[in-house]
1. Taking the dipole about the Cα centre of the chain, with the C-beta of Lys and Arg at +1 and of Asp and Glu at -1, give me whichever of Ala515, Val117, Ala355 is farthest to the positive side.
2. Starting with the highest mean, order 368-377, 204-213 by the number of other Cβ atoms within 10 Å, averaged over the residues of each peptide.
3. Kirkwood hydrodynamic radius for the range 405-494: how many Å is it when counted over pairs of different Cα atoms?
4. What are the trypsin sites (Lys or Arg not before Pro) within the range 255-338 that DSSP puts in a loop, where the Cβ has at most 13 other Cβ atoms within 10 Å?
5. State, as an integer percentage, the relative contact order of the chain based on alpha-carbon contacts under 8 Å between residues 6 or more apart.
6. Fewest first, what order do Glu463, Glu486 take by the number of other Cβ atoms within 10 Å?
7. Taking the range 1-124 on its own, what percent of its Cα-Cα pair distances exceed 23 Å?
8. What pairs from Lys228/Lys310; Lys203/Lys228; Lys238/Lys451; Lys40/Lys451 go past 23 Å between their alpha carbons?
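Derivation of every value follows stated rules applied to the coordinates shown; laboratory data play no part. Keep in mind that what you see is a predicted model, and the values were worked out from it rather than measured. Here the Cβ is made from the backbone with ideal geometry for all residues, glycine too, and neighbour counts use every protein chain on show.
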Amino acid sequence: PATRYYHLELKVVKLSPDGYERPVWSVNDQYPGPLIQCNKGDRLVINVTNNSEDPATIHWHGIFQHNTNWYDGVPGQTQCPIPNRVSFTYNYTVDQFGTFWYHSHFLAQYVDGLVGVLIVHDPDDPYRNSYHEDYVITVSDWYHSPTAPLLVQRLAPHYTGFNPYPDSALISGVGQYNCSGAPAGYYCNRNVPPPTYNVNKGKKYRFRIINTSAYVTFTFSIDNHPLKVIEVEGTHVKNVSAATVTVIPIHVAQRYSVILDANQPVDNYYIRASIIDSCLPPRTNDTINYNSSINFNATGILHYQGAGSKKPTSTAYPFTIPLCQDLNASAIRPYKDSPAPSNVTNDFVFNITFARNDDDVGLLGINNSSFVPVFNNPTNLRIMLQENFTDFDKNQNAYGYDIPNGCVQITLLNNQPANHPFHLHGHTFWIVASGLGAFLSNISTSEYNLKNPVIRDTIIIPEFSHAVIRYLADNPGVWAFHCHIEWHVEMGLVAQLIERPTEFSNRTLPEDVRALCLQYDSYYKNHK
Ligand code: C2O
């Protein structure tokens with residue numbers, strides 16, 4: 001195994017991904033940030049320098065962080081934020097493979113641009129000889145306003161609407177906004193060239209598709225080219241005919257790898273990423289950021305070598321989803337059947353709840369608790385440093401769930417009129433059941449699939465439905481479990497799962513993690 005070094009510089013710069021210029025949180029001056037890649041077994045040493053005015057952290061979405069919980073990048077849970085003009089080095093071994101991404105976990109900063117892709121290659125990939133080239137595509141919603149004022153509106157007392165509405169859809173950081181909605185005096189270019197992917201007729205290509213949105217579900221498709229799914233969030237997929245699909249629904253933070261066979265006539269074809277409007281709540285007069293010239297459809301081009309530069313004339317595959325569901329389980333079974341543990345030792349029921357606080361601010365929660373992070377006093381440091389860690393304020397981060405060891409089962413009940421893509425840090429999980437109805441009485445344990453369930457790290461829980469997941473408590477540390485809609489995170493739809501705290505407290509915290517908290521503390525005292 002190798003050690004691979006990366007340097008990421010965080011900085012706010014003016015960019016115009018969809019033609020409309022705005023300040024963007026860039027990584028090495030790019031949006032999305034640079035691709036990070038390594039092989040399974042390698043060590044990643046990633047130095048992050050924050051050259052912006054605000055603190056930041058980076059989370060490596062889907063990476064287990066075995067033995068390195070303090071590099072998971074969650075402020076208030078696993079580290080202090082990196083203040084401006086400070087560098088911090090993430091240093092971890094990657095004992096898994098697949099398609100991941102990295103993003104800020106501080107406030108809604110990732111929605112302002114702080115995202116990138118992380119790929120871990122597998123030397124034993126059963127599909128390695130089935131494709132010629134490995135391409136990455138991100139799909140994302142995009143907002144013309146920075147998130148700070150949007151959050152102020154979202155969390156204002158008496159606000160009764162839904163979440164801030166996006167202005168555009170992007171493919172690989174590029175969109176085509178109809179500039180007629182841009183206020184006078186703003187720079188807006190209506191002719192941003194579409195992202196283009198080159199293929200040679202007769203060859204096969206892997207595409208890794210990642211939804212880095214704040215809010216929306218996309219459908220992804222490439223005209224005239226069915227896609228064969230081979231990987232879901234770090235798990236290879238069974239080689240069956242059901243795995244070949246024409247249109248893929250992809251929810252916030254989910255990832256798929258597919259193989260495309262370039263077997264069509266030499267030509268140009270549209271790559272399409274469309275926001276599914278029916279997965280979003282209704283727009284009302286007070287919907288934040290609502291702008292009627294939103295572009296729901298981003299397009300890119302699949303270009304066959306020799307096709308010239310004429311515009312595609314291809315047409316989209318038909319597609320409708322009645323509910324905002326995941327890709328059918330039969331399309332994404334694990335390559336090798338991986339039975340879920342049958343013996344549950346920690347059984348949780350999490351109700352997704354909505355309530356208004358004393359100031360009439362609408363908050364989401366789990367079993368009526370909304371998570372409030374305390375950025376200068378992360379839970380894992382409190383556990384590890386115990387009474388030594390007294391130089392920070394004594395506020396406790398909101399409730400956590402203690403997990404001794406064994407197999408955890410979480411039954412998620414979503415009795416709300418909104419869809420929630422839930423992500424678990426530090427693990428993948430088995431989806432043993434999912435379906436309509438948000439009450440325990442809707443769930444029949446005799447229908448659990450323990451034999452060959454889907455494995456992933458991010459699952460959609462559609463409105464008024466449920467899901468039952470299981471995972472092994474094999475990773476001592478503090479792990480976030482949350483809805484990945486960033487507006488919902490800020491409304492408190494986050495739990496922290498405290499796994500094997502006794503064992504964890506005996507580990508040695510790297511000095512730089514504690515030092516970062518001291519640096520953040522002085523930043524914090526100067527900015528109160
Ligand atoms: Cu993609 Cu808690 O993160």
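1. It is Val117, whose Cα lies furthest towards the positive end.
2. Answer by packing, highest mean first, reads 204-213, 368-377.
3. 13.6 Å
4. Lys310, Lys336
5. For the chain, the relative contact order is 16 percent.
6. Going from least to most buried by this count: Glu463, Glu486.
7. Result: 28 percent of Cα pairs exceed 23 Å.
8. Lys228/Lys310; Lys40/Lys451
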